[in-house]
Every structure is written in structure tokens, then in C-alpha cells.
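A short worksheet on the structure shown next.
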Amino acid sequence: METSADVSAETIRTQLERILYLAYFILKPSSGLQESRIHIVPLGGGRRANSSRSLADVYPSLSEDGQKLAFNSTRSGHSNVWIKDMNTGKESAITDDALRKDRVLLSPDGSKVAFVAYDGDKVSFCMVASSGGPIRKLCEDCGNQNLLNWSPSGTELLYYSGWPIRIGLLNIVSGERRTVLEHPTYELHRDTLSPDERWIAFHVPSAKTGHSVFIAPLGQQPAPEGDWIRVTRSGMDSWPFWSPDGRLLYFLSHRDGSRCVWAQPLDHATKQPVGLPISVLHIHSAAPS
């Protein structure tokens, strides 16, 4: 691991143990069917890799403390939302209906699950307690939209819509929606809010910028492109996520020939990059066989 004078190896190791799990699912054809299983890899050390029990599980989402996993599974014959206790291994369904489900998002504190449900052509954003109970529709017939992430406070949901993609925030109490990021031609991917919810990090794949990571201030109106902060310049970077204190922006990069984890130190107040990116972890050496 490479370090800089401002960011110690111990700081990065501690933050990785707190926030960095690789949750992914693998699709493979088997007897003409699509099978998938979820794998959880604790990239910062500690608990060993876990996987879901079924070959019909997708869209994993971990709580901030790594104690709960929410996911979408068709093991019962219909797609439903399931919860796994990462300590005991117990898995249980918290929805039981025939509606097709899509992305599943567990709130940072693990108490709530937001998910996308389809009733024919109608798209709804829904929420249910992670312990189960009544389902609440956050928006009904939401149009061409899908969920991205929870806000760190657990009060709002990031979602995307339209083409090119526009990014919005949905207040789970009032139902208010507002656009927070947009561009007339660029696609805006893997958007995530800073811990203080004053900034939004995202990935732009374009011929002009390559695959680069940016940060924009979060306000009542979308920040113009001139206010965006370009964080990476290798042209091979994506999937940003914040350190708990907002002083580092982690991201995935192919700059060394493999899809590995890097971190860019940031000025705490302005979020301008400070110094060179830091090589943090090689995922190809951490993934299970």
C-alpha cells in the first residue's frame, strides 16, 4: 500500500475495515437459466467472505456496520426482498408478493429497506422495515426511474431518471423530489452523497473526459458543469465512495491494468484533490475463488 505524508496507512486500514466490503453477484448460465449468487468480501480484513445460499440472488446491499445484508431473490418463485443476518447467517424474506422487484437498498443504519417494484409498466419506489411489516409506497407510477443510494442520514434516497441520466433526491417523509445533478449530454453514474450531505460524487464516462470521477456541490439547484471538481484524470476510473470523514474519495480504477481500489485525498473544506491518488487495494487478489 502506498501512502502520502497527509494520509497514513493506519487511517486507510481503519476506514476500510469500517466501510469497504465488496458485495457483488455473479451471473452464469446453467441448463439454459440465469443463476446468480451473492459474495461478500471484507476487503479491509476481519470477517471472512460470505455468500448467499441460493443461486437466485441479486442486488446486494450491506448496512454501514456490515451486520445486515438486503438482497433480491427469486428462490420462492417470485422476486422478493430478503434480509441476511451476517453474524448468524439466518436469511428471511420480508416481502411476499408477485410484483417484480429490481434494486434493493438497505439504509445505513440497517433499519429500513427501499426497493423498486414493477406492476406491469408502472414503477414504484417502496420501503419496508428490515424486520418486516407493512410496505409503504414512496412514489407510485414513478416513470423511467431507478434507485441509486441512501443519503448518509437515512432521510432521502438518490435516484436517477431520464436520458441522459438526471439525478434526484426523494425525501422519504414528505415525498418531495428535486433534481440535484444533470447535464445535457453526459451520463452521470454511481452517484453518492458525502457524509455531511453537502457534496455529490459521481462517475462520467464520455469521449471528452474518459472515465473520470467528479465532485459537485449539492444545493437546491443542480450545480453547473463549471462548478464540478474533477477528482481523477487517468480516464479509467469509476464507482466513487466516501471515507467516513469525507477527507478521502475512494474509487475503482483500471490504471494499473486491474480493477483496483484507489483513494484521492481531498481538502476538507473545498473538496479539491490534494496530492496524488493512493493505491489502496488490489481486488483481484482479495476476491474468493
Which condition does SER234 not pass, out of (1) modelled with pLDDT of 90 or more; (2) over 19 Å from the mean Cα position of the chain (by Cα); (3) surrounded by fewer than 17 Cβ atoms within 10 Å (Cβ to Cβ), if it passes all the others? (1)
Taking the condition of being within 19 Å of the chain's Cα centre (by Cα) and not in a loop (DSSP other than H, G, I, E, B), how many residues in segment 129-160 meet it? 11
Does segment 246-283 hold any residues that are outside any strand (DSSP E or B) and modelled with pLDDT of 90 or more, and which are they? GLY246, ARG247, ASP267, HIS268, ALA269, THR270, LYS271, GLN272, VAL274, GLY275, LEU276, PRO277
Residue pairs, Cβ under 6 Å, 6 or more apart or interchain, first in segment 229-244 and in contact (Cβ under 8 Å) with a residue 60 or more places away in the chain and under 20 Å from ASP267 (Cα atoms), second among the polar types (S, T, N, Q) and crowded, with 19+ Cβ neighbours inside 10 Å. List them. PHE241/THR192; SER243/GLN15
Conditions: (1) within 26 Å of PRO244 (Cα to Cα); (2) not assigned by TED's automatic domain parsing to the domain that holds LEU106. PRO224 meets all but one. Number of the miss? (1)
Filter segment 132-164 down to the residues that are modelled with pLDDT under 90 and on the phi > 0 side of the Ramachandran plot, then identify the one that is surrounded by the most Cβ atoms within 10 Å (Cβ to Cβ). GLY162
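Could you list all residues from segment 166-220 that are among the polar types (S, T, N, Q) and without any contact (Cβ under 8 Å) to a residue 24 or more places away in the chain? Write out each step before concluding.
First pass over segment 166-220, keeping only residues among the polar types (S, T, N, Q): 171, 174, 179, 185, 192, 194, 206, 209, 212, 220.
Listed by number, the residues that qualify are ASN171, SER174, THR185, SER206.
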Among the listed residues VAL231, VAL180, VAL173, identify the single one that is aliphatic (A, V, I, L, M) and more than 28 Å from CYS126 (Cβ to Cβ). VAL231
In segment 186-225, what residues are hydroxyl-bearing (Ser, Thr, Tyr), more than 12 Å from LEU249 (Cα to Cα) and in a strand (DSSP E or B)? SER206, SER212
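The values are calculated or read from the model by the stated rules, or taken from the named source; none is laboratory data. On a predicted model such as this, the values are computed, not experimentally measured, just so you know. A quick note on method: Cβ atoms are made from the backbone with ideal geometry, for glycine too, and the neighbour counts reach across all protein chains shown.
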